[in-house]
Amino acid sequence: MNAPVHDADPMSFCPIHQGRRARLAALLREAGGGVLVWPTAPERVRNSDTLHPYRADSSFLYLTGFDEPEAWLILDDAGRSTLLCRPRDAEREIWDGLRLGPDAAPRALGVDEAHEVAELDAALAQRLADAPQVWLPFGDDDVSHQAGQAVHRALGAVRARERSGVRPPAALRDARPLLDEMRLVKDAHEQALMRHAGRIAAAAHVRAMQACQPGRREYELEAELLHAFRSAGAAGPAYPSIVAAGAHACVLHYAAGATELRDGELCLIDAGCEWQGYASDITRTFPVNGRFSGPQRALYDLVLAAQQAAIEATRPGARRLDAHWAAVRLLTQGLLDLKLLRADAVGSVDDAIERAAYRRFYMHGTGHWLGLDVHDVGDVLQRDEPPLEQPDGMGGRVVKHPSRRLVPGMVLTIEPGLYVRPADDVPEAFHHIGIRIEDDALVTPDGCELLTRDVPVAAEEIEALMRG
């Protein structure tokens, strides 16, 4: 989050998070009842005694709005919520800043009660007694490990009381699917936060384009992005910013380095910010000297047309992968037209798609869920529909559930690309050209709203911006 919760109006966010906890409690009741146990993320050491900047667990933030470390939420199926957090500590607050503390937490966060985190084991042993089941996050991560260890200790304490008539929970259940489904569809409050994150990130991309010129280095443009993010009040990047000059644009997760931006080459920037926990994610590709060459423009316009096809396929009732296949068809036809794929080798457009011949130049998907995490939670398959045979995207076939149907409130990225590495059968004019165009799309009742179009996307608009 961008500021400790106790620096804000303590009642300004209570109804939102209280409402989420009430919805989750109702889901617990429908699934047989029980008690949810969810810790926030631990602090992580960067090196020696220096910590990474703290970021709370996303689902914990979603349920509480609380961004301090060493905190836990206990929620039962009746909706009763207990927060465990660090106590006020005058000496530590001199070094690390103010803490909310358990006395202020009920009013500030809308929880029913709060205790010091040192009382976690006792609180869990009390709340798990006679509970039908325990809900906690399953997985191979720090949050899951913390939850599992604490519940294991509490279950031992509950079982020690069985002779007095206390019954331990009969089952452990994974709470992630319930929370993932809740987080997948964004409410009006979340949508507003994501619009703002998109505006900040778009302005940062504009700043970087305007600052770009031959002779500068990748890290200088990264600094322009960071300046724009922080100046606008964002917490910082939502993920490590990609600033890739020339051939580096063909490396999908390239980290900004010291490479010089050269006349005649392209620069690819994939960067977004985090605003009150919510991520934006934008990619733009532009000419270092402000003007696309012929081959660069041909590939750029092809990727932009593919993105537009994917945007048109992003609407309620459509499947999540419809946008991907719409982009793949445009890209594959364009690759054939430009002779980067040869019809005598790969056949027709349909043949090339069936064989996944396009993957030589386009090897990733066209989008992902976006929200509190840049690769946000949410099932990608429609599990209530029967499995069917379909392309596996690698040139084969697979039997699985169809992809998810989109509904209003979902947010996902739309990001086709092309990456051309040198090869004997590839015209030299296309060597080392990497292009990706990415925007954030909110599914609306009528289609989708692009949250990140405050930065130009058409080639001529990019050139005009860079001239200016």
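Do we find a residue being in contact with a Ser or Thr (Cβ under 9 Å, 6 or more places away or on another chain), in a helix (DSSP H, G or I) and outside the structural domain of residue 41 (by TED's automatic domain parsing) anywhere in the range 187-194?
yes
Within the range 423-436, which residues are under 15 Å from residue 298 (Cβ atoms), surrounded by 22 or more Cβ atoms within 10 Å (Cβ to Cβ) and touching a Pro at 6+ places or on another chain (Cβ under 8 Å)?
433
Can you find, within the range 438-450, the residue that is farthest from the chain's Cα centre (by Cα) among those that are closer than 15 Å to residue 280 by Cβ and touching a residue at least 12 places away in the same chain (Cβ under 8 Å)?
450
Could you tell me which residue of the range 299-316 is surrounded by the most Cβ atoms within 10 Å (Cβ to Cβ), considering only residues that are more than 15 Å from residue 332 (Cβ to Cβ) and of a type in the set (A, V, I, L, M)?
For the range 299-316, the residue satisfying everything is 313.
Scan the range 289-302 and tell me whether some residue there is under 22 Å from the mean Cα position of the chain (by Cα), in the same structural domain as residue 458 (by TED's automatic domain parsing) and more than 18 Å from residue 224 (Cβ to Cβ).
The answer is no, given that none of the residues of the range 289-302 is under 22 Å from the mean Cα position of the chain (by Cα), in the same structural domain as residue 458 (by TED's automatic domain parsing) and more than 18 Å from residue 224 (Cβ to Cβ).
Could you pull out the residue among 79, 101 that is at positive phi, surrounded by 15 or more Cβ atoms within 10 Å (Cβ to Cβ) and touching a Pro at 6+ places or on another chain (Cβ under 7 Å)?
Result of the check over 79, 101: 101.
Pull up the range 224-241, narrow it to residues that are out of contact with any Lys or Arg (no Cβ under 9 Å at 6 or more places or on another chain) and touching a residue at least 40 places away in the same chain (Cβ under 8 Å), then point me to the one that is surrounded by the fewest Cβ atoms within 10 Å (Cβ to Cβ).
The extreme case among them is 233.
Are there any pairs with C-beta distances below 7 angstrom linking a residue in the range 451-468 that is in contact (Cβ under 8 Å) with a residue 24 or more places away in the chain and surrounded by 14 or more Cβ atoms within 10 Å (Cβ to Cβ) to a residue that is in a helix (DSSP H, G or I) and among the β-branched types (Val, Ile, Thr), with the two at least 6 apart or on different chains, and if so which?
Going by the 7 Å Cβ cut-off, the qualifying pairs are 455/206; 456/462; 465/206.
Within the range 166-180, identify whether any single residue is free of Cβ contacts under 8 Å to residues at least 40 places away in the same chain, out of contact with any Asp or Glu (no Cβ under 7 Å at 6 or more places or on another chain) and part of a helix (DSSP H, G or I), and answer yes or no.
Within the range 166-180, not a single residue is free of Cβ contacts under 8 Å to residues at least 40 places away in the same chain, out of contact with any Asp or Glu (no Cβ under 7 Å at 6 or more places or on another chain) and part of a helix (DSSP H, G or I).
Of everything in the range 377-401 that's in a loop (DSSP other than H, G, I, E, B) and under 23 Å from residue 308 (Cα atoms), which residue is nearest to the chain's Cα centre (by Cα)?
380
For the range 414-433, does any single residue satisfy the condition of being in contact (Cβ under 8 Å) with a residue 24 or more places away in the chain and in contact with an Asp or Glu (Cβ under 6 Å, 6 or more places away or on another chain)?
yes
The values are calculated or read from the model by the stated rules, or taken from the named source; none is laboratory data. Keep in mind that what you see is a predicted model, and the values were worked out from it rather than measured. Note that we place each Cβ from the backbone using ideal geometry, even for glycine, and neighbour counts take in every protein chain shown.
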